[in-house]
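Undergrad: Below: one structure in structure tokens.
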Amino acid sequence: APSAWPAALTQQWKIKVGTGDATPILVGKRLYLHTRQENSEVILCLDAATGKDIWTDKYEAPPVTGPAGSHPGPRSTPAYADGKVVTYGTSGILSCLDAATGKVVWRKENPVNAVPQFFTGMSPLISDGICIAHVGGKDNGTILALDLKTGNEKWSWKGDGPAYASPSLMVISGKKHIVVQTEKNLMAFDFSTGKLLWQIPAVPSQRFYNCVSPYIDGTKIYYTGQGTGIKAIE
């Protein structure tokens, strides 16, 4: 908060929600947040006008340890579509909840705690009733395409470990492609089938890591975050 509020603004409400770096999302008159409170990760639905808690879902989550421990809360922004909210926790737990009631529609646990070195940073992507997520750990990742209603797998691809970037959607000649920044490559997949269409090296340099989501402009893709400058491909 600024040290002095402008005279034209009046603070309407303020509440404590926990720790985290995930961006809240505003859908209609509701705010959805993903945070950490003590030993649990918490998904909150708040009235945007009053801050009142409409519903809360929580589940126990392993602690964030090592160098990433200074940011113990979720970093992945929730995704919303078709009346559902999808979240991705720091320990790799992927959840889908009914946005109206908070009821868990499905939840994908991560019993082996497979996460990147600094835990998770990817935010899920939803399109046409399909949720796309890049899960797993170093050198061993899985890109999942899950039915939003059921959590059933439509397709999956195993290979590169996830980075801290989120998948992006690209449309070429009416066909949807998923563009993913992995640990070491920039890759594109057919949205419908999961077929790998192409890949180019995007290896980090020095002490950097891939944490910037690919930016799509028509048929051009801009990417950065590797310590090697900004690049564009078509």
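Undergrad: Report yes if some residue within segment 114-121 is of a type in the set (Val, Ile, Thr) and touching a Pro at 6+ places or on another chain (Cβ under 8 Å); otherwise report no.
TA: Let us first name the residues in segment 114-121 that are of a type in the set (Val, Ile, Thr), namely 115, 120.
Restricting the remaining residues to those that are touching a Pro at 6+ places or on another chain (Cβ under 8 Å) gives 120.
There is at least one residue in segment 114-121 that is of a type in the set (Val, Ile, Thr) and touching a Pro at 6+ places or on another chain (Cβ under 8 Å).
Undergrad: Among the residues of segment 1-31, how many are of a type in the set (Ser, Thr, Tyr) and under 30 Å from ASP82 (Cβ atoms)? Before the answer, list the steps.
TA: So in segment 1-31, the residues of a type in the set (Ser, Thr, Tyr) come out as 3, 10, 19, 23.
Narrowing the set further to residues that are under 30 Å from ASP82 (Cβ atoms) leaves 19, 23.
The number of residues fulfilling the criteria is 2.
Undergrad: Next question, about the same structure. Within segment 36-50, how many residues turn out to be out of contact with any Lys or Arg (no Cβ under 9 Å at 6 or more places or on another chain) and of a type in the set (Ser, Thr, Tyr)?
TA: 1
Undergrad: I've got another one for you. Answer with yes or no whether LYS108 is within 18 Å of ALA163 (Cβ to Cβ), open to solvent by 10 Å² or more (accessible area, probe 1.4 Å) and not small (Gly, Ala, Ser).
TA: For LYS108, the condition - within 18 Å of ALA163 (Cβ to Cβ), open to solvent by 10 Å² or more (accessible area, probe 1.4 Å) and not small (Gly, Ala, Ser) - is not met.
Undergrad: Taking segment 210-234 as the region of interest, how many residues are part of a loop (DSSP other than H, G, I, E, B), on the phi < 0 side of the Ramachandran plot and not β-branched (Val, Ile, Thr)? Spell out the reasoning first.
TA: Looking only at segment 210-234, we keep the residues that are part of a loop (DSSP other than H, G, I, E, B), and these are 210-214, 218-219, 224-230, 234.
Pick out the ones that are also on the phi < 0 side of the Ramachandran plot and you get 210-214, 219, 224, 226, 228, 230, 234.
This time we only want the ones that are not β-branched (Val, Ile, Thr), so: 210-211, 213-214, 226, 234.
Selection size over segment 210-234: 6.
Undergrad: Additional query: Go through the residues of segment 12-24 one by one and say whether even a single one is in contact with a Phe, Trp or Tyr (Cβ under 8 Å, 6 or more places away or on another chain), within 30 Å of VAL212 (Cβ to Cβ) and among the small types (Gly, Ala, Ser).
TA: Within segment 12-24, the subset in contact with a Phe, Trp or Tyr (Cβ under 8 Å, 6 or more places away or on another chain) is 24.
Now narrow it down to the ones that are within 30 Å of VAL212 (Cβ to Cβ): 24.
Imposing the further condition that a residue be among the small types (Gly, Ala, Ser) reduces the set to none.
No - not one qualifying residue is present in segment 12-24.
Undergrad: Something else: If I ask for residues that are outside any loop (DSSP other than H, G, I, E, B) and either of a type in the set (A, V, I, L, M) or in contact with a Cys (Cβ under 8 Å, 6 or more places away or on another chain) (or both), which ones from segment 10-50 would you list?
TA: Within segment 10-50, the subset outside any loop (DSSP other than H, G, I, E, B) is 19, 25-27, 30-37, 40-47.
ILE25, LEU26, VAL27, ARG30, LEU31, TYR32, LEU33, VAL42, ILE43, LEU44, LEU46 - these are the residues of segment 10-50 that are outside any loop (DSSP other than H, G, I, E, B) and either of a type in the set (A, V, I, L, M) or in contact with a Cys (Cβ under 8 Å, 6 or more places away or on another chain) (or both).
Undergrad: Just to be sure I understand the filter: pairs with C-beta atoms under 8 Å, separated by 6 or more residues or on different chains, first member in segment 150-162 and without any contact (Cβ under 8 Å) to a residue 40 or more places away in the chain, second member surrounded by fewer than 16 Cβ atoms within 10 Å (Cβ to Cβ) and among the aliphatic types (A, V, I, L, M). Which pairs pass?
TA: TRP157/LEU196
Undergrad: So which residues in segment 182-195 are at pLDDT 95 or above and open to solvent by 60 Å² or more (accessible area, probe 1.4 Å)?
TA: Matches in segment 182-195: SER192, THR193, LYS195.
Undergrad: Name the pairs: first residue in segment 12-35 and open to solvent by less than 40 Å² (accessible area, probe 1.4 Å), second residue modelled with pLDDT of 95 or more and polar (S, T, N, Q), Cβ to Cβ under 6 Å, at least 6 apart or on different chains?
TA: What qualifies is VAL17/THR35; ALA22/SER76; ALA22/THR77; HIS34/THR87.
Undergrad: Follow-up. Quick one: which residue in SER213, SER127 is open to solvent by 40 Å² or more (accessible area, probe 1.4 Å), under 22 Å from ALA22 (Cα atoms) and either of a type in the set (Ser, Thr, Tyr) or in contact (Cβ under 8 Å) with a residue 24 or more places away in the chain (or both)? Don't jump to the end; show me each part of the working.
TA: Details: SER127 fails: open to solvent by 40 Å² or more (accessible area, probe 1.4 Å).
After ruling out the rest, the residue left standing is SER213.
Undergrad: Please give the strands (runs of 3 or more DSSP E) falling wholly within segment 108-209 in which 1 or more residues are charged (D, E, K, R).
TA: Numbers: elements: 125-127, 130-137, 140-147, 153-159, 168-172, 175-181, 185-190, 196-201.
Passing ranges, in order: 140-147, 153-159, 175-181, 185-190.
Undergrad: Restricting to segment 59-104, what's the tally of residues that are surrounded by 14 or more Cβ atoms within 10 Å (Cβ to Cβ), among the charged types (D, E, K, R) and farther than 22 Å from GLY136 by Cα?
TA: Counting residues in segment 59-104 that are surrounded by 14 or more Cβ atoms within 10 Å (Cβ to Cβ), among the charged types (D, E, K, R) and farther than 22 Å from GLY136 by Cα gives 2.
Undergrad: How do the pairs read when you match residues in segment 75-91 that are on the phi > 0 side of the Ramachandran plot with residues anywhere that are outside any loop (DSSP other than H, G, I, E, B) and open to solvent by 40 Å² or more (accessible area, probe 1.4 Å), using Cβ under 9 Å and keeping only pairs 6 or more apart or on different chains?
TA: Close Cβ pairs (under 9 Å, with a partner that is outside any loop (DSSP other than H, G, I, E, B) and open to solvent by 40 Å² or more (accessible area, probe 1.4 Å)) amount to GLY83/ASP98.
Undergrad: Now, a different point. Which of the residues belonging to segment 216-234 are touching a Pro at 6+ places or on another chain (Cβ under 6 Å) and in contact (Cβ under 8 Å) with a residue 40 or more places away in the chain?
TA: Correct list: ILE221, TYR223.
Undergrad: Here's another thing I want to ask about it. Can ALA1 be described as in a loop (DSSP other than H, G, I, E, B) and more than 19 Å from SER166 (Cβ to Cβ)? Outline the logic, then answer.
TA: Working: in a loop (DSSP other than H, G, I, E, B): yes; more than 19 Å from SER166 (Cβ to Cβ): yes.
Answer is yes for this residue.
The values are calculated or read from the model by the stated rules, or taken from the named source; none is laboratory data. Values in this document were obtained by computation on a predicted structure and should not be read as measured data. FYI the Cβ positions are ideal-geometry reconstructions off the backbone, even for glycines, and counts take in every protein chain you see. The area values use the complete protein model at the heavy-atom level, side chains included, leaving out ligands, DNA and RNA. Shrake-Rupley method; radii C 1.70, N 1.55, O 1.52, S 1.80 Å.
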